[in-house]
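The values are calculated or read from the model by the stated rules, or taken from the named source; none is laboratory data. Because the structure is a prediction, the values reported are computed rather than measured. FYI the Cβ positions are ideal-geometry reconstructions off the backbone, even for glycines, and counts take in every protein chain you see.
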């Protein structure tokens, strides 16, 4: 009976993809604001080919920090990001405890590269129609297909011992 209740509560693929698109748009906006602030504070111009390695590295670190803060803070505070809230899904730990920073960062360390690789593949494919570009989608596709296993967990869920459920 418990397995049936857990299965019924699992967030489906479409809900998770919808929340991911929503959060992707929000992250793009956050990255724009962060980049604007970095440009104003440091005078660093990412379009210049002679930008210093230190300035480039600092900009990338600030973007990674912004990404970690957006997802980590949302998961720890409410168990859901704004995209997840819109799609009525939440992140929960399998042991029933609240999400902590270690869990959030573990999940993000696995999920971010999967989504970035998939995004890079789509952006490569769109103008070129190069079939090889679609290979970049495979890791994320395999991760999402794991939702159809009995545990209903993607790769980041499995590694971080979490699960996305319907509210």
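Things to note:
- Of the residues examined, residue 84 is not one that is out of contact with any helix residue (DSSP H, G or I) (no Cβ under 8 Å at 6 or more places or on another chain) and either in a helix (DSSP H, G or I) or surrounded by 18 or more Cβ atoms within 10 Å (Cβ to Cβ) (or both).
- Candidates 92, 62, 165: the one that is over 14 Å from residue 19 (Cβ atoms), over 15 Å from the mean Cα position of the chain (by Cα) and part of a strand (DSSP E or B) is 92.
- Qualifying residue in the stretch 112-119 (condition: touching a strand residue (DSSP E or B) at 6+ places or on another chain (Cβ under 9 Å) and surrounded by 12 or more Cβ atoms within 10 Å (Cβ to Cβ)): no
- Every test in (1) more than 18 Å from residue 28 (Cβ to Cβ); (2) assigned to a helix (DSSP H, G or I); (3) modelled with pLDDT under 90 is passed by residue 150 save one, and that test is (2).
- Of 145, 138, 116, all but one fail to be under 13 Å from residue 20 (Cβ atoms) and without any contact (Cβ under 8 Å) to a residue 12 or more places away in the chain; the exception is 116.
- Criterion (surrounded by 15 or more Cβ atoms within 10 Å (Cβ to Cβ) and free of Cβ contacts under 8 Å to residues at least 12 places away in the same chain) met by exactly one of 66, 29, 55, 74: 74
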